[in-house]
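Reading through the structure tokens given below for one structure.
Where a number appears in this text, it was derived from the coordinates with a stated rule and is not lab data. In this text the structure is predicted, and so the values were computed from the model without any measurement. Cβ placement follows ideal geometry from the backbone for every residue including glycine, while neighbour counts extend to all protein chains displayed.
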Amino acid sequence: MIFNTLIYYFLFLLPAAGLFRVVKSDWRPLVCIVAGSGFFLYFSITQFGGYFGAACLLMFVWESLFSRLYKKGSIFCLIGVAQAVIFLFIFKYWNFFTGLAFHFSDENPLHWSSIFLPLGISFFTFEFIHYAVDRYKGTTEAGRLRDYLAFILFFPTMVAGPIKRYQDFLPNLLHPSTDFTLDWNRGITRILSGMIKKFAVADVLTSLTNHLNHADIAVAPRWVLIIWIVAYGIHIYFDFSGYSDIAIGSARLFGITVKENFNWPYLQTNIADFWACWHMTLYRWLIDYIFIPLGGSRVSPIMIYRNVMITMAFSGLWHGAGLNFVVWGLWHGALLCGHRLWRTWRDPLPAETSLGGRLAGWALTFTLVTLGWAFFCMDIQTALFFFQRLLIG
Amino acid sequence: MDWIKHLLEYLGGEKDIPPAGFPLTLNSYWWGIWWGLLACAILIFCGQSSKFIYIDF
Amino acid sequence: MTIRRFFACLAVTLGVIAAFNIFLALKVDSVPKSIQRKMKAMPRIDILFLGNSLMQSGLDPAEFTAGWINPEKAPLAFNAGLGSSSPVEHYVLAHQSIEHHPEISCLIYGFRDFQLTEPEGYSWKELEGNRSMAYSMEPSVSASLYAPGSAWEEWRFRLIGALPALREHSQLWKYVELMRRDLQQIGMPKAKTNEFGRVADFQKVAETDLAQFQRAGEMAIARSAPFVPAIEKLIKMALEKKIRVIFVEMPVTAEHRGRYYATGTWQRYQAYLKNKMSASGVTYVAAGDWVPEDADFSDGLHLNSTGADLFSRKMTTALTKELKPKGL
């Protein structure tokens with residue numbers, strides 16, 4: 001919801017973006033802070049956790065105050081990372097991990113039945129972690145408290161990204177684009193096309209993707225299963241890229257440029273290129289804050305594969321607190337490892353030069369990515385049943 | 001293919017410069033009609049009230 | 001792009017949207033509009049039948065008239081039953097009908113289960129379709145019934161009622177929904193449908209949890225639940241105009257009778273309703289068992305044509321022999 005409510009546009013986006021453009025530069029962060037806080041409070045109270053959800057605004061306040069202690073090489077940066085991870089663990093993974101500890105039995109004494117997910121927690125904690133790590137490494141400046149608060153409370157990207165970097169955001173905040181008509185022309189166009197992607201494609205396809213459950217899979221002919229899973233792949237792309245379009249277009253109304261999240265991922269001819277074009281800000285984040293700290297690709301080949309698998313398993317777990325998401329992540333990890341192996345064996349790739357090779361690469365990539373969605377949208381048992389029906393009948 | 005991608009990105013608001021040979025510049029009144037058409041299409045298709053998938057993450 | 005050109009573009013956009021609205025206002029026909037048109041086209045209405053799809057599918061005015069002792073002198077009946085609607089829309093329809101046909105002498109309202117006393121929540125998504133009658137015909141009154149005292153809601157009802165693109169949205173949306181249903185059907189066993197939609201959907205609606213049903217009934221009795229505001233207003237308006245008001249408990253399937261209406265809760269609730277109605281000057285007709293065979297239902301809720309014939313004839317009998325409204 002949120003981006004498909006009139007309240008978002010008329011109560012938050014248009015007034016805030018308009019005000020941001022007319023106030024003096026010193027006041028701009030304040031506009032972001034006030035509008036972002038109002039946005040968080042309103043949508044938390046109405047949709048995400050009620051008043052308890054709204055109280056999570058204190059997490060932003062605490063984070064911004066604590067961030068003032070960050071210095072290059074400081075222990076406080078590491079504590080900052082730890083507390084961001086703890087926030088995420090408590091709200092998103094508490095029941096999952098305590099459930100694992102009690103083997104998912106019905107009698108998990110630590111089960112938190114009234115748990116709620118604070119608005120945008122998966123995304124803003126990644127921005128908290130990024131800032132703490134980059135301050136630790138000295139690769140970003142501290143900025144003023146209000147600038148940092150404006151960064152974490154910038155509402156167009158607060159809920160579901162694109163995941164920002166402080167180094168990119170700060171110059172935009174301090175010196176936003178002044179070409180009002182260009183920004184508003186592009187911003188409005190972007191928002192409208194994002195909504196078309198969501199309403200006219202993604203939502204219509206739910207009539208097919210709703211069938212991805214055990215009962216319907218059991219009665220459907222096999223050829224229909226292919227239609228459903230392809231529809232899911234298209235659905236999730238149009239849903240999230242539509243969302244990203246609205247977020248990027250909204251930021252553009254402020255004169256702020258936000259990094260792109262998608263670059264025609266389904267047209268890519270290998271899995272590495274797919275990931276370089278799918279949810280790009282998350283992928284960059286995973287590389288910078290998981291893969292490289294693990295050693296990246298400057299270690300032995302075996303360790304590289306291990307790092308890839310860990311990174312992608314983490315990516316899966318981030319997408320949802322369920323084993324099926326972990327399997328989805330591992331599936332992609334395995335594909336990336338397979339691609340890396342292939343590249344080691346056949347480099348340069350003849351596939352990259354011939355049309356037939358590119359077509360084969362595209363078909364293989366699209367098929368494997370599409371099959372992988374089975375683990376994303378169904379629990380493991382249902383997904384395995386899906387494959388059983390698809391392959392055996 | 002690249003030209004079509006560029007065109008779609010331009011019409012979708014991602015690119016600021018039109019692809020070579022495309023007559024509609026950013027200064028055109030046609031953008032008003034384009035926005036109107038998109039808005040009408042949104043009016044027709046909205047109402048399913050389904051959540052964005054990534055918003056629950 | 002200059003600022004002037006940018007605002008000119010916005011004006012063009014508003015022009016396109018305005019043209020779209022005008023097109024919809026002129027071209028789109030909706031069920032509420034057509035029922036209102038039919039009502040106005042009637043030379044005279046003596047008996048007005050009101051309710052939701054149960055009444056719409058259940059009462060055949062021709063059969064009702066044919067059963068009269070002297071059909072030529074039979075009162076003229078109009079069935080204003082409106083599928084997927086709530087008491088607020090029924091009140092609006094009644095008000096419009098009475099304004100246009102002051103000769104109406106009897107109003108027969110069909111209800112099911114706890115519909116008369118259970119406050120109906122509403123969201124804008126639920127107010128789509130036939131319920132758009134609420135804001136398209138009498139927005140202020142509807143707002144006061146759905147959200148009493150809320151100026152914000154009244155403003156919203158007025159605004160939506162004034163803009164055809166919002167008011168008639170369901171007429172556009174139905175094409176999208178039909179496309180979605182076609183897509184949904186690909187490769188799947190064909191879903192059984194009737195005039196109101198998919199039979200399975202109504203089957204689900206009919207299958208209320210028994211404990212929940214009993215809880216709802218007991219709570220209504222315990223708190224001496226009043227009629228919902230729209231029903232109160234409907235009764236008041238009709239009685240002020242000296243119109244006889246009859247509330248009919250609509251026929252239900254044998255399964256529904258056996259499972260829910262055989263319970264003590266329903267019998268107590270029935271007694272409570274009867275008392276309440278007689279205190280308000282309303283006649284209660286328990287027609288829940290008038291159509292004994294489930295074969296006369298097209299799904300878990302609606303009567304089919306044979307069921308409708310049976311119910312209509314029994315309605316005639318009840319009116320002529322037992323109820324005898326004044327002036328008929």
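Is it the case that some residue within the stretch A:141-158 is surrounded by fewer than 23 Cβ atoms within 10 Å (Cβ to Cβ), of a type in the set (Ser, Thr, Tyr) and closer than 28 Å to A:Ser37 by Cα? Taking every residue of the stretch A:141-158 in turn, none turns out to be surrounded by fewer than 23 Cβ atoms within 10 Å (Cβ to Cβ), of a type in the set (Ser, Thr, Tyr) and closer than 28 Å to A:Ser37 by Cα. The helices (runs of 4 or more DSSP H) falling completely within the stretch C:118-230 that include 2 or more residues that are surrounded by fewer than 19 Cβ atoms within 10 Å (Cβ to Cβ) and not polar (S, T, N, Q) map to C:151-162, C:169-185, C:199-206, C:210-222. Within the set A:Leu11, A:Leu19, the sole residue that is aliphatic (A, V, I, L, M), within 14 Å of another protein chain (Cβ to nearest Cβ) and either touching a strand residue (DSSP E or B) at 6+ places or on another chain (Cβ under 6 Å) or surrounded by 15 or more Cβ atoms within 10 Å (Cβ to Cβ) (or both) turns out to be A:Leu11. It is to be established whether one or more residues within the stretch C:64-77 are under 19 Å from C:Ile98 (Cβ atoms), aliphatic (A, V, I, L, M) and touching a residue at least 60 places away in the same chain (Cβ under 8 Å). No: zero hits.
Evaluate the stretch A:269-290: report whether one residue or more is within 14 Å of chain B (Cβ to nearest Cβ), farther than 30 Å from A:Asn95 by Cβ and of a type outside the set (A, V, I, L, M, F, W, C). Yes, that holds for at least one residue. Filter the stretch A:174-194 down to the residues that are buried (at least 23 other Cβ atoms within 10 Å of the Cβ) and among the aliphatic types (A, V, I, L, M), then identify the one that is nearest to the other protein chains (Cβ to nearest Cβ). The qualifying residue nearest to the other protein chains (Cβ to nearest Cβ) is A:Leu192. Looking at A:Ile188, A:Ile234, just one residue is touching a residue at least 60 places away in the same chain (Cβ under 8 Å) and out of contact with any strand residue (DSSP E or B) (no Cβ under 8 Å at 6 or more places or on another chain), and that residue is A:Ile188.
Restricting the first member to the stretch C:10-31 and to residues that are at the interface with chain B (Cβ under 7 Å from one of its Cβ atoms), and the second to residues that are part of a helix (DSSP H, G or I) and surrounded by fewer than 18 Cβ atoms within 10 Å (Cβ to Cβ), the beta-carbon pairs closer than 8 Å and six or more apart or on different chains are C:Val12/B:Ile33; C:Thr13/B:Ile33; C:Val16/B:Ile33; C:Val16/B:Leu37.
Quick grid of which residues meet (1) within 25 Å of C:Lys192 (Cβ to Cβ); (2) surrounded by fewer than 21 Cβ atoms within 10 Å (Cβ to Cβ):
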{"site": "C:Phe247", "(1), (2)": "no, no"}
{"site": "C:Gly258", "(1), (2)": "yes, yes"}
{"site": "C:Gln270", "(1), (2)": "no, yes"}
{"site": "C:Ala287", "(1), (2)": "no, yes"}
{"site": "C:Asp299", "(1), (2)": "yes, no"}
{"site": "C:Gly307", "(1), (2)": "yes, no"}
{"site": "C:Lys314", "(1), (2)": "no, yes"}
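When the stretch A:198-229 is filtered for residues that are among the charged types (D, E, K, R) and surrounded by fewer than 22 Cβ atoms within 10 Å (Cβ to Cβ), the ones remaining, listed by number, are A:Asp216, A:Arg222.
Okay, residues lined up against (1) in contact with a Phe, Trp or Tyr (Cβ under 7 Å, 6 or more places away or on another chain); (2) over 25 Å from C:Thr253 (Cβ atoms); (3) more than 14 Å from every other protein chain (Cβ to nearest Cβ):
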{"position": "C:Gln56", "(1), (2), (3)": "no, no, yes"}
{"position": "C:Gly67", "(1), (2), (3)": "no, no, yes"}
{"position": "C:Ala74", "(1), (2), (3)": "yes, yes, yes"}
{"position": "C:Asn79", "(1), (2), (3)": "yes, no, yes"}
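Per the listing C:Arg158, C:Arg244, C:Arg167, the residue uniquely in contact with a strand residue (DSSP E or B) (Cβ under 6 Å, 6 or more places away or on another chain) and among the basic types (Lys, Arg) is C:Arg244.
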